[in-house]
Each structure stands twice: as C-alpha cells, then as structure tokens.
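Visitor: My structure is below; once you've seen it, I'll send some questions.
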C-alpha cells in the first residue's frame, strides 16, 4: 500500500485539476499495473514534488527506479532529453509506457545528491565537469524547449499580471522580459542543455556522478549554469555565494560572467512567477533576483 503525502496530492490537483484527481484515484491500479507488467516490487517513494518516484526490485534482485507522470507529454519530453543527452554521465532509461506515463530508469547507488558534499567548491567543480561532458549541438528536428519559448512564457506573465504578481512589480517583470529578449537576440552558438541541472539532479553512482531528471533546453551555455546557482542558497550572503559559484564556472567553462548574471536575473524572475502561481515558497528566488542585480551593478556599473 502506497500512501501519498497530502502536499503531493494537493500539488497534483492544483496543477492538473480533474485529470490530476483522476490520476490520484487510479494510482493504486497504476502501481499494480507496473508491478505485474515488469514483475517488480515498488517500495516506499523518494521525497515527492511533481512526479511519483520510487525504487523497485526485480525478481532477480536488481534495482531500478519507477517514475510516474500525470501528463504523458512530460514523460516524452524527459525521455527525448535523456536520449539526446545519453552518455556515461547520464542515468539510463530501462523501459517506458508513454500512454500510461511510466518511465523506468536505472537505480544509481549510493545515490547521494551532490548537495551532500561538505566542500561546496568541489560540488561546483563536479557540476562544471558534467556540464562540459553533456553539451552537444541539438538536432534540427528537436522538439525540446528553447530559451525563446521561456521568453514567451515570461511575456505571457507580463500580460496576465500587468500590475505585477505578488511581490514582483510590473517594472521588474518588464525589465526581466527586456533582458530575456536581448539575451536571446544576441545568443551565438546554441547547445542542447539539461535545463534544470542543480545539486539534487546530480547523484553519486559508484565513484562517479551522474545526471538525472533533464527538462531539456536549447540555449547558450551560460543559461545551463543558472539552476545550480539558485539551488541550496544560504539565507544570508546570497550574492557572495552566487558570485563564488559563478567564478568557478567562468574559470572551468570559459563562459561570460556578464551573460550569466543577466540570465540569472531573467530566469529568476520567470521561475518566481511560476512558483507563485504554483503556490510554492519563492522567498529564496526573490533573494536571488536581488543578488543578480547587485552583482551586475557591482561589476558593470549600471543596471541593464
């Protein structure tokens, strides 16, 4: 019997409405279907956010991970990203059932997240090395999301909330949109990126580290760094922490500090809008917005 946390159930119904409620009602049957089809036993879930994720054992004792999606289209996007980014540093797809929203993945062991490292500089260096091994030129027929689409999402927020949203003023929304637009207009070479590469999407596998949960994004290298900068931030000295991380990435990846700061600001505003709409805590992102502004003005002397 799998009991789902109420917070997870609330998230599913908030995001997916009646479809989400039906998915929750049918959840026990979905678990039985998985166990019978693949002859596995599904155990207690990992901490849940937007998808059900749990370890499972096959009859021969081997392990895997079961990930269930309410929207099959989300599974297809993740599977396309995993396939496109496949390599020795990326978690492997074992099997899937797109119609039912089921994805089976290899189980990484011990599976500790990069955030478990006591040396924060080492974490950034590992992330940088993984990024370098991951990036590749996207196929022309790729359906993976682009940075231009994310700009469009922010534009939609500015139209939906002409007076601002929660603690984000209309001026902040418009300013972030202009930065987003300018960055996309001036982007040079575009790459296939992970799209959400932070500490908890990098897990230990033996002596190595592997990447999980790609959203997939086509954009420039500097954009890939932003989720890592935003993750596991302290409540104080936020700008100093972000600046230290950026300096490591600039040195390791030969990327533009100026464009990292601009992408950081624009993406943080977009992500904050999404969190507010999803009724999630956005306080850390507000601190990040202020930090990116502060750092940009410190190094470049004016507000973009």
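Visitor: Which shape class applies to the range 163-254: rounded if a/c is under 1.5, otherwise prolate when a/b exceeds b/c and oblate if not, where a ≥ b ≥ c are the square roots of the Cα gyration tensor eigenvalues?
Guide: prolate
Visitor: So what is the diffusion coefficient of the range 6-107 in µm² per second by Stokes-Einstein at 37 °C and 0.692 mPa s, using a Kirkwood Rh over Cα pairs?
Guide: The diffusion coefficient I find is 232 µm²/s.
Visitor: With the chain treated as a Gaussian network of Cα nodes joined by springs under 10 Å, which of 135, 209, 23 yields the largest mean-square fluctuation?
Guide: 23
Visitor: Taking the beta-carbon count within 10 Å as an exposure proxy, list 155, 32 from fewest neighbours to most.
Guide: Ascending number of Cβ neighbours within 10 Å: 32, 155.
Visitor: Please find, in a Gaussian network model of the chain (springs between Cα atoms separated by less than 10 Å), the residue of 221, 22, 257 whose mean-square fluctuation is greatest.
Guide: Of the options given, 22 has the highest mean-square fluctuation.
Visitor: Grab the DSSP H runs of the chain that are 4 residues or longer, score each as -39,500 (n - 2.57), total them, divide by all residues and round the 222 nm result to the nearest 500 deg cm²/dmol.
Guide: Result for the chain, helices only: -17000 deg cm²/dmol.
Visitor: Going by how many other beta carbons lie within 10 Å of each one, how would you line up 151, 240, fewest first?
Guide: So the ranking, lowest neighbour count to highest, is 240, 151.
Visitor: Give me the extension gain from residue 116 to residue 254: residue separation times 0.36 nm, minus the current Cα-Cα distance, reported in nm with one decimal.
Guide: Full-extension gain reported as 47.0 nm.
Visitor: Measuring from a point 7 Å past the Cα of residue 155 along Cα-to-C-beta, which residues in the range 183-217 have an amide N at less than 19 Å?
Guide: The answer is 183-188, whose backbone nitrogens lie closer than 19 Å to the label point.
Visitor: Among 278, 196, which comes first, second and so on when ranked by fewest other beta-carbon atoms within 10 Å?
Guide: Ranking 278, 196 by Cβ neighbours within 10 Å, fewest first, gives 278, 196.
Visitor: Could you tell me the largest-minus-smallest coordinate of the C-alpha atoms of the chain on each of the three principal axes, in descending order and whole angstroms?
Guide: 62, 44, 42
Visitor: Also: Have a look at 77, 194, 232 and tell me which one the Gaussian network model of the chain (Cα, springs below 10 Å) gives the largest fluctuation.
Guide: Sorting by GNM fluctuation, first place goes to 232.
Visitor: Calculate the length of the line joining the C-alpha centroid of the range 240-304 to that of the range 43-71, in whole Å.
Guide: When both Cα centres are located, 33 Å separates them.
Visitor: Fully extended, how many nm does the chain gain between residue 247 and residue 278 (0.36 nm per residue separation, minus their Cα-Cα distance)?
Guide: Between residue 247 and residue 278, full extension yields 7.9 nm more.
Every number in this text was worked out from the coordinates using simple rules, so none of it is lab data. As the structure is a prediction and not an experimental result, all values here were calculated from the model. Note that each Cβ is placed from the backbone with ideal geometry, even for glycine, and that neighbours are counted across all protein chains shown.
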